[in-house]
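Here, each number is a calculation from the coordinates, and none is a lab measurement. Since the structure is predicted, the reported quantities are computational estimates derived from the model, not experimental observations. Please note: Cβ atoms are built from the backbone with ideal geometry, for glycine as well, and neighbour counts cover all protein chains shown.
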Amino acid sequence: MALLAALCCGCAANPAPDEAAAQLPPPGSSAPPSDAAPSSSAPPDPAAVGANELGQVPILMYHRLVERPSSVYDRTPAAFRAELERLAAEGYVPVTTAEYATGKIDLPAGAHPVVLTFDDGDATQFALGPDGAPVPGTAIAILLDVAARHPGFRPVASLYVNAGPFGSPDGAALRWLRDHGFEIGNHTRDHTNLASADERGVQEAIAAGQREIQRAVPDYRVSTLALPFGAIPSNGALALRGGSDGTSYEYACVLMVGAGPAPSPFAADFDPTTTPRIRSQDPTGEDARYGSAVWLDQLAAAPAQRYTSDGVPDRISYPASAGLTPAPHFTDRAVAY
């Protein structure tokens with residue numbers, strides 16, 4: 001896969017785009033979105049729902065929610081809510097990065113997966129109030145509200161944290177996220193530029209981030225890593241697995257910044273070491289052509305390109321005419337129509 005890396009907290013990506021506290025439902029449950037095929041005893045017909053489980057998946061990247069954005073990485077709470085409402089209206093269903101990377105995408109027929117990712121553990125993303133509920137106006141509180149309005153829209157996301165995330169030094173925020181089905185991901189303890197670190201330093205930075213998470217949630221398995229600054233270490237394999245000071249790590253997926261949708265985890269071109277994301281952004285402004293509004297427009301205009309579920313978890317359906325290739329280890333489940 002061509003590398004789509006770019007700096008995460010201050011530099012734009014370059015690839016060309018061709019291509020309350022609410023009572024939460026169990027993380028795996030979801031009603032079909034409005035455009036999903038109705039359930040029946042017989043397996044859904046892939047052609048009838050336009051299934052393409054080798055199609056593209058938008059992995060959206062968020063940082064701060066502020067009323068007055070000061071960089072392309074900021075969004076207003078209103079813009080964030082509007083983007084979630086758009087995703088729900090277009091039949092997208094959130095899954096975590098770990099679910100995406102391991103192919104645990106169990107969605108109703110006709111639905112499309114989307115991954116919501118948040119970097120840096122900022123308190124505008126998530127914070128707990130005195131009542132133990134998410135603070136209104138934070139990203140997670142808004143997500144819960146949108147999900148309550150759209151029952152098929154799962155209230156899950158992947159949050160990539162550094163030291164002291166969400167202003168919660170006692171770890172209560174991470175425990176709440178774990179208990180409510182959210183994914184906690186590693187962003188290194190000190191937001192380390194892994195491209196400038198030697199092999200020992202890369203492993204120390206990643207292992208230290210994992211230890212920070214596991215201090216708060218000791219039994220939690222950290223499954224994915226988001227690269228600070230989108231910077232890939234010279235030995236890219238060390239982002240996926242390694243160890244330091246008695247802490248070992250092995251991840252299912254390493255997220256870059258990038259500027260386009262990610263391949264299906266069942267596709268031959270899926271690379272867990274270099275998985276691209278799309279910066280959440282309005283259709284105007286700096287490098288807007290790489291942002292979420294433009295890419296979601298493009299996927300809406302060419303729906304055959306995006307991942308569309310066939311509604312059968314153990315079957316990977318895709319159109320034979322699309323010229324797509326499943327990964328070799330998924331050929332026994334792949335069905336072209």
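By other beta-carbon atoms within 10 Å, ranking Arg315, Arg75 with the fewest at the front produces Arg315, Arg75. Among 97-103, 162-168, sorting by the average number of other beta carbon atoms lying within 10 angstrom of each residue, highest first, gives 97-103, 162-168. The 3J(HN,Hα) values that the Karplus relation (6.51, -1.76, 1.60; θ = phi - 60°) gives for the stretch 293-301 are, in residue order, 4, 5, 5, 5, 4, 5, 5, 5, 6 Hz. Gly and Pro appear as x. For the stretch 156-215, the Kirkwood hydrodynamic radius from C-alpha pairs, put into Stokes-Einstein at 20 °C and a viscosity of 1.002 mPa s, yields a diffusion coefficient of 179 µm² per second. Put simply, the chain fits an ellipsoid with semi-axes of 29, 23, 20 Å; these come from the alpha carbon gyration tensor as the roots of five times its eigenvalues, largest first.
Residues whose amide H falls under 5 Å from that of Gln125, counting only those 5 or more places apart or on a different chain, are Leu65, Ala139, with hydrogens built in the peptide plane. For the pair Thr76 and Arg315, the difference between a 0.36 nm per residue extended length and the Cα-Cα distance amounts to 82.1 nm.
Put in order of Cβ neighbour count within 10 Å, fewest first, the listed residues Tyr290, Tyr73 become Tyr73, Tyr290.
With N as its number of residues, the stretch 182-304 has a Cα radius of gyration that, divided by 2.2 N^0.38 Å, comes to 1.17. Applying 1/(1 + (r/R0)^6) with r as the Cβ-Cβ distance of Arg333 and Arg68 and R0 = 51 angstrom yields a FRET efficiency of 0.55.
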